[in-house]
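Everything below concerns the one structure shown next.
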Amino acid sequence: ASAPAQAARVESPQARAFAIMSRATEDLVAQRPLPQVLERFMDMVFEACSPDRAAILLLQGNPPLLKVQAQRGPGERLEVSRTIADLVIQGKQAVIIEDAQMDQQLAGSESIMLQGIRSAMCVPLWNNREVLGILYVDSPNRGCFSRDDLALVTLLGNVVAVKIENVRLFQRDQAMREIEKELSLAARIQQRLLPAEPPVVAGYQLAGMNKPCKAVGGDTFDYIMRDNGRLGIALGDVSGKGIGAALIMAMFQSAFRAHAGTDIGLRELVSRLNKAVCQNAEDGKFITFFCAEIDLESHVLRYVNAGHNPPLLIRAGGEVEKLSTGGIILGFLPDSPYSVAETGMGPGDVLVMYSDGITEAFSPSEEEYGEARLEQLLLAERGRTPVEIQDAIVRSVAEFSLGGEQDDDMTLSLLKRNS
């Protein structure tokens, strides 16, 4: 043992214990990486009981196995007896061995015999909820450790456990902060991918909004002036939520803009997008999608609905037309056929596209907002501007759910022909 450790043993047990525990308590509030923390506690262990060897082992993995995190003493590898470790971990109790070679509990333990261990102490790293690992010391000499030593090392083990928990919580907090920063950046990037303002189109008014239920979401909407002179509009919803859905939607938005910017027909456009989703999205991920183009001179609306909630065309006279023709969801079968339908938009007609986050919002009593309630609202508000109608929908859903947690992304896109 070192000279400082030997000098410390001359002190009274109470004074030595008080000095060591005072330093251990001070270390509780210091922020250090875990390896440094464990090395400092190893210093205290050697000062506390002057062992020949010592180690701190933590339970890791599934199933949890003991892994050495800090070790000191002769020899490259310290091997703790499984019998001793099991007694400490399963019994949540400290163990002292005065003569391992004569202890009946350890009879037949190869690691004890091969390492020539006579005295040993092992205490649980206990944080009042679970055992995180063990603190182990040993010596080749018989009767090296006292009950006072065991009490002090047990106290150190408890402090080590609390400190390990604090370090892990700090590390998790730091990791969560990094994740939050990355998600915040991803959310800003995603919002920049959506239209900042609807285009100004003669004879029409547009509005759109997206409100993800998490930092980032899997809904999108878009407008694009096509090479054929028509206005293209689209709205899509990726299955799932969060960063995975957002990444798929970012890929999809790029593909949509690349293809929609050309003069290919809607059927070919949706077929190409379907193949892109099949090739790039992981199994089990799909997209419901609605896209349309409006001829600004004839006011003919052509559309394809790929498994999406049927948009509602609210006629100025109060009739409601549901736009459901098209085909199945994107990403299910690469060669799925899609069909195009067309209808006309008269003066005062309003086309309302929405994601299921609108109609599947729930009240505190678990009642669904539903399509019928949306239709009634749209009929009542159809004489207003698209922005006013959009605000009325958002307000109605919020009042219906009474401030409850939003369970799905909510997206709207509206097109109204001027009266």
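The values are calculated or read from the model by the stated rules, or taken from the named source; none is laboratory data. Quick caveat: nothing in here was measured; it's all calculated off a predicted structure. Methodologically, a virtual Cβ is constructed for each residue, glycine included, from the backbone with ideal geometry; neighbour enumeration extends over all protein chains shown.
Of everything in region 131-166 that is assigned to a helix (DSSP H, G or I) and of a type in the set (S, T, N, Q), the residue that is nearest to Thr25 (Cα to Cα) is Asn158. Filtering region 226-244 to residues that are modelled with pLDDT of 85 or more and farther than 23 Å from Val277 by Cα leaves Arg230, Leu231.
All of Ala207, Ala260, Ala250, Ala202 fail the test of being touching a residue at least 12 places away in the same chain (Cβ under 8 Å), of a type in the set (Gly, Ala, Ser) and touching a Gly at 6+ places or on another chain (Cβ under 6 Å), apart from Ala260. Step by step: first the residues of region 57-100, then only those that are in contact with a Phe, Trp or Tyr (Cβ under 8 Å, 6 or more places away or on another chain) and either of a type outside the set (A, V, I, L, M, F, W, C) or outside any helix (DSSP H, G or I) (or both), then the one that is surrounded by the most Cβ atoms within 10 Å (Cβ to Cβ). Which residue is that? This residue is Leu57. Being closer than 23 Å to Thr385 by Cβ and either surrounded by 19 or more Cβ atoms within 10 Å (Cβ to Cβ) or among the basic types (Lys, Arg) (or both) is the filter; apply it to region 208-219 and report the residue that is modelled with the highest pLDDT. The qualifying residue modelled with the highest pLDDT is Gly208.
Yes or no, residue by residue, for (1) within 30 Å of Ala398 (Cα to Cα); (2) modelled with pLDDT under 95; (3) in the same structural domain as Ile294 (by TED's automatic domain parsing):
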site: Asn305; (1), (2), (3): yes, no, yes
site: Pro310; (1), (2), (3): yes, no, yes
site: Thr325; (1), (2), (3): no, no, yes
site: Ile328; (1), (2), (3): no, no, yes
site: Pro337; (1), (2), (3): no, no, yes
site: Ala341; (1), (2), (3): no, no, yes
site: Asp349; (1), (2), (3): yes, no, yes
site: Asp356; (1), (2), (3): yes, yes, yes
site: Glu360; (1), (2), (3): yes, yes, yes
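Taking region 56-84, which residues are within 35 Å of the chain's Cα centre (by Cα) and of a type in the set (Gly, Ala, Ser)? Gly61, Ala70, listed by residue number.
Scanning region 16-39 for residues that are more than 25 Å from Asn141 (Cα to Cα), surrounded by fewer than 17 Cβ atoms within 10 Å (Cβ to Cβ) and either at pLDDT 85 or above or not assigned by TED's automatic domain parsing to the domain that holds Asp149 (or both) gives Pro35, Gln36. When each of Val387, Val352 is tested for being under 15 Å from His308 (Cα atoms) and among the β-branched types (Val, Ile, Thr), the lone residue that passes is Val352. Of everything in region 304-314 that is within 14 Å of Met345 (Cα to Cα) and in contact (Cβ under 8 Å) with a residue 40 or more places away in the chain, the residue that is surrounded by the fewest Cβ atoms within 10 Å (Cβ to Cβ) is Leu312.
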